[in-house]
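Q: Handing you this structure, nothing more for now.
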Amino acid sequence: MGGRANLDALVPTWFICHWLDVSKQTVNYWVSAGKLTPAARDGHGRPLYRYGDVLAVERDTRRSGKSRRRARMNRSAPTRSLLRFCPLGSQRS
């Protein structure tokens, strides 16, 4: 099942941290700096972010030259076990 990921899919903080190899503090900084805005909340009140927005913020951060790290993203396809908890293609807003 190839194809592109749904950029409108909603992803939780833990998924962002795992897939982009960033800390939770980094995600929180992006939110407090106004670079990333939660699109919704899950059933427990935790923020969910639009997948496309997350990719744009991460790309802009790496390109700005202010990042202390080189890109270390786990760009390989998310594993089936990970997608079981965060199915990128099946979420609707």
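Q: Quick one: net charge around Gly52, please, counting Lys, Arg +1 and Asp, Glu -1 for every other residue with C-beta under 13 Å from its C-beta.
A: That works out to -1.
Q: Given a Förster distance of 25 Å, report the FRET efficiency between Val31 and Arg59 from their Cβ-Cβ distance, rounded to the nearest 0.05.
A: 0.90
Q: In what order do Tyr29, Tyr51 fall by count of nearby beta-carbon atoms within 10 Å, going from fewest to most?
A: Tyr29, Tyr51
Q: Right, here's the next one. Compute the Rg to Rh ratio over region 11-66 from the alpha carbon atoms, using the Kirkwood formula for Rh, and round to two decimal places.
A: My calculation puts Rg/Rh at 0.95.
Q: I'd like to compare 17-23, 34-40: which one has the highest average count of other Cβ atoms within 10 Å, and what's the full order after that?
A: 17-23, 34-40
Where a number appears in this text, it was derived from the coordinates with a stated rule and is not lab data. Bear in mind the structure is a predicted one, so any value in this text is a computation, not a measurement. When we count neighbours, we look across all protein chains shown, and the Cβ atoms used for this are built from the backbone with ideal geometry, even at glycine.
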